[in-house]
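Single-structure report; data block below.
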Amino acid sequence: GATATIGWQVFTAPVCWETIPHVHKYDEFLIFLGAQYPDFCGSYDAEVDLWMGKELEKQTIDSATVVFIPKGVLHCPLNFRVINKPVLFHALYLGPTLDATRLKDFDDSNFDFEGPVNLRTFGPPRQ
């Protein structure tokens with residue numbers, strides 16, 4: 001059968017959702033939409049920075065978007081840098097439980113987030 005894990009969040013203010021680059025064992029989709037019904041695509045008004053690949057190339061998401069991240073591809077930080085209207089964010093992970101292997105010795109104190117950011121991070125619950 002199909003296996004998937006999905007998380008839904010609404011962001012109303014800038015926040016860095018994840019600061020440490022990581023990889024997963026399974027494919028993942030990151031879905032960025034506006035949070036105003038009925039126009040989830042047209043109501044997107046934000047700038048979200050996502051770094052991907054072993055070079056950590058920055059991509060800025062400034063319109064409603066679905067990002068496909070194949071298993072094993074390094075990604076993050078994920079910085080919701082500018083939020084002009086609420087953002088509906090979904091992480092759709094195609095595995096039974098969310099897993100992450102984080103990049104060791106990543107020093108985010110020297111990483112340029114290019115603007116004000118709340119460095120509060122969210123990850124798996126502590127056990």
Hey, quick one: spin label on Val10, modelled 7 Å out along Cα-Cβ, who in segment 75-89 has an amide N within reach, i.e. under 14 Å?
85-89
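On alpha-carbon atoms, Rg over Rh for segment 1-87 using Kirkwood Rh? If you can, show how the numbers build up before the last one.
Numbers: Rg = 13.3 Å, Rh = 13.6 Å.
Result for segment 1-87 is an Rg/Rh of 0.98.
For segment 12-81, give the percent of accessible area contributed by carbon and sulfur heavy atoms, probe 1.4 Å, rounded to a whole number.
That fraction is 54 percent.
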Lysines whose Cα lies under 19 Å from that of Lys104, excluding same-chain neighbours fewer than 8 positions away:
Lys25, Lys54, Lys71
Probe 1.4 Å, heavy atoms of protein chains only: per residue, the accessible area of segment 1-94 in Å² is 49 Å²
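The values are calculated or read from the model by the stated rules, or taken from the named source; none is laboratory data. Quantities reported herein were computed from a predicted structural model and do not represent experimental measurements. Cβ atoms come from the backbone with ideal geometry, glycine included; neighbour counts cover every protein chain shown. Heads up: the accessible areas ignore ligands, DNA and RNA and are worked out on the full protein's heavy atoms, side chains in. Shrake-Rupley method; radii C 1.70, N 1.55, O 1.52, S 1.80 Å.
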